[in-house]
Amino acid sequence: MKINKWTILSAAFILFGLAGAANIFIHGEHAMGTTNKIPWGILIAGYEYFVGISTGLLLVAALGYVFHVKAIIPIGKSLLMFAIFSLISGFAILLVELGNPLNFIHYFLTPNFTSPIWWMAPLYGIYLMLLVTLTVFVVRENESLIRPLAIMTAISALVALICIGFLFGFIIARPYWNGPISPLYFILTSVFSGIAMASVIAYLHGRKKTRKNLETVKFLRTLSLSMMGVMVVIYIGKTFVGLYGQVPGKYESLLALLTGPLSFNYWVLEISLAIVIPFVLIVSAHKLSAIKLGLAGLLSLTGIFFMRFNMVIAGQITPLKVVKNPAEETVFNLFSVTWSEWALIMGGIGIMAMLYLQRELLERIIKHKPATELKRHGDVTL
Amino acid sequence: MAKYGLLVFPERCTGCNACNIACASHNQLGTDVSYNRLEILETGTYPNVKMEILPVQCQHCDNAPCVSVCPTQATYKREDGIVEIDADKCIGCKYCMAACPYEARQLNENRVPEKCRWCPEMLEKGEQPACSATCMNEVRLFGDLEDPNSQLNKELAKHEVYQLLEAKGTKPSIFYVKK
C-alpha cells in the first residue's frame with residue numbers, strides 16, 4: 001500500500017466521516033439537520049451527487065467504449081474505476097441516512113414495486129455488477145467483450161438515473177420536484193457531473209504531457225462547453241416556466257432560490273461555481289492546459305454538489321399549505337446542516353480519493369498477478 | 001367490513017387542543033411529536049375577516065402517496081381504511097414524509113415516521129379514537145363510511161363537505177363541513 005500525503009489526507013477525511021456516522025448512529029436524527037418539515041437533507045443530496053458522478057462517468061466512458069471516441073480511451077480505465085468508487089461513496093452515505101438499515105431484509109421479504117426507492121436497489125445493484133465486470137474486462141484488456149458490456153452498463157446507468165428522476169418526479173406533494181422532466185434532468189446533470197469529474201481525471205493523467213493527453217483535454221473541453229450550454233437551457237427553462245406559471249409551491253421554491261434563503265447557494269455556489277467560472281476559465285485560456293480544464297472540472301464538481309443540495313432543499317423549503325390559501329405570504333421552512341452531515345460528505349470524498357490512490361493495487365488484484373511478483377514491486381502488503 | 005371515515009365540524013372547534021393532548025397521552029408521544037395539529041385559516045380583508053380552526057392529521061387516504069412510495073410495505077392500507085405502519089419493516093428512508101401532502105408524518109425517537117393510527121385498539125372495543133372521544137364540542141364524528149345507516153353517513157348527507165387538497169388525488173377519508 002502506497003502511503004503519501006494524499007493517502008493520509010484521504011484517511012483523515014474517512015475518519016472524520018466515520019466520526020460523523022458514529023454520532024448519527026448514537027444520537028439519531030438529532031445529530032442531523034433534517035426536520036419533520038424538511039425530512040431529506042444534505043445526505044440525500046450527497047447520495048444523489050456521488051451516484052450522479054458515477055453514472056455520468058460511465059456515460060462519458062461509454063463514448064469511448066461504445067462509440068469509439070479515441071480521446072476517451074486513455075482515461076477510460078480511470079473513469080470506470082472512479083465510477084465504482086463514487087458509487088461506493090454514495091451507498092456509504094445512504095446507509096447512514098437510512099434510519100433503520102437493519103430492517104433492510106424487508107426489502108426482499110415484502111417488496112413494494114410501486115416505490116421508486118425499492119427499484120433503486122436492484123437497478124443500482126445491476127449497474128454496479130455490470131460496471132465492475134466492465135472494469136475487470138478493461139483492466140484485463142479483454143477487447144471482444146468490452147463493447148457489448150459497455151452498452152449494457154450504459155443502459156443500466158440510464159435506467160438507474162431515470163429511477164432517481166421518478167423518485168423525485170412522482171412526489172405530488174412537492175410541486176418543485178413533481179413532473180415528467182425530472183428523469184431527464186437527472187440524466188443531463190449527471191452527465192454534466194461525469195464530464196466535470198472526467199476533466200479532473202484528465203488532469204491527473206495529463207501531468208505528463210503527451211499527444212494523447214492533449215487530444216483528451218481538447219475533447220473534454222468541447223464536451224464541457226457543450227454540456228454547459230445544455231445546463232443553461234435547463235436553467236432558463238426551469239426559471240421561466242416557474243416564474244411564468246406561478247404554480248403554487250413551485251413558484252415559491254423558485255423564489256427561495258432566486259431571491260430567498262437559498263439565493264447565495266444558488267447564484268454563488270451553484271451557478272457561478274458549476275457553470276460561469278469554469279466556462280470563463282475554459283474559454284479565456286489561449287492554450288488550454290490539463291490543469292485549467294482540471295480546475296474548471298473541480299469547480300464544476302463543487303458547484304454541482306450545491307446544485308444537488310439546492311434541489312433537495314428547494315423542494316421542501318416551501319410550506320405545504322395544507323389549509324392556508326396558497327396566495328398567502330410564504331414563511332419558508334428552516335433548514336440546517338450539522339457537522340456530522342458535513343463529515344459524511346467529506347468521508348465520501350475520502351473514500352473516493354483513497355480508493356483511487358490504491359488503484360494500482362486493485363488493478364494488480366484484478367489482473368491476478370502472483371503474490372511473489374507483487375512483493376517484488378515493494379509497494380504491496382499482502 | 002367497516003371502512004372508517006371522519007367528519008370534522010370546524011365551526012365547532014374552540015382550539016382547546018384537548019384532542020392533541022388526548023392523542024399524545026393515549027399514544028405516549030414525546031413533547032416534540034404530535035399526530036394532530038390545529039391549523040388556523042384566516043379569510044377576508046380587515047374589517048371583514050373570518051377565522052376558522054381546522055384539525056389536521058393523517059387523512060387515511062384511499063390513494064395514499066405514503067403507501068405507494070414505501071419500499072418495504074411498512075406503511076400499508078388496511079381493509080378498514082386505516083393507513084397503518086409496521087415499524088419493524090421501516091428502513092427509515094423518510095420517503096413517506098417527503099411524499100405526504102398533509103405533513104402528517106412525525107419522526108419518533110427510533111427514526112420511524114409515525115402518524116395518526118385512528119387508535120385501532122379503541123375501535124376494536126367499540127370506542128371512538130382518543131381525539132374524537134375527548135372532544136367536548138363533538139368536532140369529530142368518527143364512523144363507518146360503508147354503513148348507510150351510520151351517523152357519519154347521515155351527517156355527510158346533511159352537510160356540504162370538502163376534503164383537504166382534493167386536487168392532489170389522494171382521496172382522503174376525512175371530510176370537513178363547509179362553513
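Coordinate-derived values only; no laboratory data. Note that this is a predicted model, so its numbers are computed, not measured. In this analysis, Cβ positions are derived from the backbone assuming ideal geometry, glycine residues included, and neighbour counts consider all displayed protein chains.
Structure notes:
- GNM remark for chain B: springs join alpha carbons under 10 Å apart, and the peak mean-square fluctuation among B:T45, B:T72, B:T134 falls on B:T45.
- Loop-located chymotrypsin sites (Phe, Trp or Tyr not before Pro) in segment A:64-105 (DSSP state not H, G, I, E or B) with no more than 15 neighbouring Cβ atoms inside 10 Å: A:F67.
- Span-like helix ranges in chain A, DSSP H, alpha carbon extent 15 angstrom or more, Kyte mean at least -1.0: A:5-27, A:42-65, A:73-97, A:116-139, A:143-169, A:182-205, A:211-245, A:290-317, A:339-357
- Ranked list, fewest to most other Cβ atoms within 10 Å of each Cβ, for A:I24, A:I236: A:I236, A:I24
- Selected from B:M97, B:M136, B:M51 as most flexible by GNM, with chain B as the system and alpha-carbon contacts under 10 Å: B:M51
- Segment A:47-90 - Debye-derived log10 I(q)/I(0), Cα point model, q = 0.14, 0.15, 0.30 Å⁻¹: -0.29, -0.33, -0.92
- Distances between placed amide hydrogens fall under 5 Å for B:G92 paired with A:G99, A:N100, all partners being 5 or more residues away or on another chain.
- Kirkwood hydrodynamic radius computed over the protein assembly as shown comes to 25.7 Å, based on all pairs of distinct alpha carbons.
- Long-range amide H partners of B:F175 with built H, under 5 Å: B:L6, B:L7, B:V8
- Calculated FRET value between B:T31 and B:R78, using beta carbons and R₀ = 22 Å, to 0.05: 0.15
- Total formal charge among the other residues, if their Cβ is under 9 angstrom from that of A:L43, Lys/Arg +1 and Asp/Glu -1: -2
- Exposure proxy ranking, count of Cβ atoms within 10 Å, fewest first, for B:K89, A:K238: A:K238, B:K89
- Gaussian network model of chain A, Cα within-10 Å springs - most flexible of A:V280, A:V159, A:V139: A:V280
- Using 0.36 nm per residue and subtracting the Cα-Cα separation, the extra length available between A:K37 and A:F108 on full extension is 22.6 nm.
- Partner lysines for A:K367 [C-alpha distance under 29 Å; skip if fewer than 8 residues away on the same chain]: A:K2, A:K5, A:K70, A:K77, A:K208, A:K209, A:K212, A:K375
- When A:E270, B:E127 are arranged by Cβ crowding within 10 Å, least crowded first, meaning fewest neighbours, the order is B:E127, A:E270.
- Environment charge of A:M32, counting only residues whose C-beta is closer than 9 Å and scoring Lys/Arg +1, Asp/Glu -1: -3
- Computed log₁₀ I(q)/I(0) - Debye formula, equal Cα scatterers, no solvent, segment B:49-132, q 0.11, 0.14, 0.18 Å⁻¹: -0.32, -0.50, -0.78
- Along its principal axes, segment A:33-337 has C-alpha extents of 63, 54, 29 angstrom, given from the largest down.
- Ratio Rg/Rh, restricted to segment A:215-257 and using Cα atoms, in which Rh is the Kirkwood radius: 1.28
- Bridging of B:K94 to aspartates and glutamates at a Cα separation below 13 Å is possible for A:E29, A:E97, B:E103, B:E114, once same-chain residues fewer than 8 apart are set aside.
- Cysteines in the protein assembly as shown lacking a second Cys C-beta under 4.7 Å: A:C163, B:C13, B:C16, B:C23, B:C61, B:C70, B:C90, B:C93, B:C100, B:C119, B:C135
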